[in-house]
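What follows is one structure encoded as structure tokens, with my remarks underneath.
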Amino acid sequence: MQDESAAQSKQAYLAKQVSLADRESGEANTQVAEQTGKPKASVRRRILRTSALLAVLYAIICVGMVVMETRLLFPGAYFDTSVLMDPNRFAVDHPTPGVVETITYPAVDGSDLQSRLLIREDAEDVILFLHGNGIHADEMDGWTRRLSDSWNATVLTAEYRGFQRDEFTPTETSTIEDAVSAIDALSETTGTPVPNIIVYGRSLGGGVACGLVSALHERGDSIEALLLDRTFDSAASVGADRFFFLPVRWLMTNQYDSVQALQDYEGVLVQIHGTPDRIVPRKNGRTLHDAVSLKHKEWIELPNMFHNDRLPTKTLDEAGQKLKLLRTKAFDKLDGTATDDASATAE
């Protein structure tokens, strides 16, 4: 009996020891799990929180870009005078006497558009000039005179709704509509058929000029000669390169697709661009030039001209001569001798 009792006590003691060992093992495993599990869970939560915050910030930036698009694209519409460039850079070299005056004509919505017109006696040509996004037409009288002197032409520097101290918010559609109103008013004022008016667009004004070409085509009209000065293939393309981290092509409503706008153009084209231009990079201008299927076109590149630099008078003279020669070559069908002479000179 004593042996049996001793055996039972020993067995009970061993069972107790096993139980204590199991409990300690379990507690140890729990501690290990807690020590390894908590940091992992904490890191995951931080990653999720950071990702969510970045997503919210990215969405806010996208919304901000949409809200601010018109201010970014049409800054001149939000200032009484230019803050981006010095209008004095358009000053004439040796001006020919003449008065640059305001001409008023209706926009499509019935409001008044006030542009600047210089009528030149014995002018060889009539030019519609469409300015860029950071200046106003009435700040460009010096340029209007320069262009008139260089090309011996009557010049209308057109204005857009929103740029003449009104409460209008400009858009791609409205600026193109205003260009159509301007060319019609210029045609009526000078008695010049719309196709014979030369259209000159600079920077964003070049995008407007391309839109004008498309709008005229839609109504069965056309122009013969187009000059684009520091103009892009599309505003969306320029924006997408600059803000590469944003879906600009999807967000942007005013895309100014110049390549698409000129797909049916059958006139002549001269383009001017500066190699170091950072605002509208050279590649965007060259892409437009290469994409347009025209028999008569010319590319003029200046190695030292930035986007807001003064266009040299020599280049302005050269561009006018090239454009007129190309137009003569393409459209002067009545006098074969004149066409042949123009071709020889162009070559």
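Things worth noting here:
- Additional length obtainable on full extension of the chain from ASN152 to ARG249, 0.36 nm per residue less Cα span: 30.8 nm
- For the range 221-344, the solvent-accessible area with a 1.4 angstrom probe is 48 square angstrom per residue.
- Taking 7 Å steps out from each Cα toward its Cβ at GLU188 and THR102 produces label points 1.9 nm apart.
- With a simple spin-label model that places each label point 7 Å from the Cα along the Cα-to-Cβ direction, the separation between ASP264 and VAL43 comes to 6.2 nm.
- Percent carbon-and-sulfur accessible area, the range 141-208, ignoring ligands, DNA and RNA, probe 1.4 Å: 47 percent
The values are calculated or read from the model by the stated rules, or taken from the named source; none is laboratory data. Not measured: the values here are computed from a predicted model. Here the Cβ is made from the backbone with ideal geometry for all residues, glycine too, and neighbour counts use every protein chain on show. The protein model used for the area step is the full one, side chains on, heavy atoms only, and it has no ligands, DNA or RNA in it. Shrake-Rupley method; radii C 1.70, N 1.55, O 1.52, S 1.80 Å.
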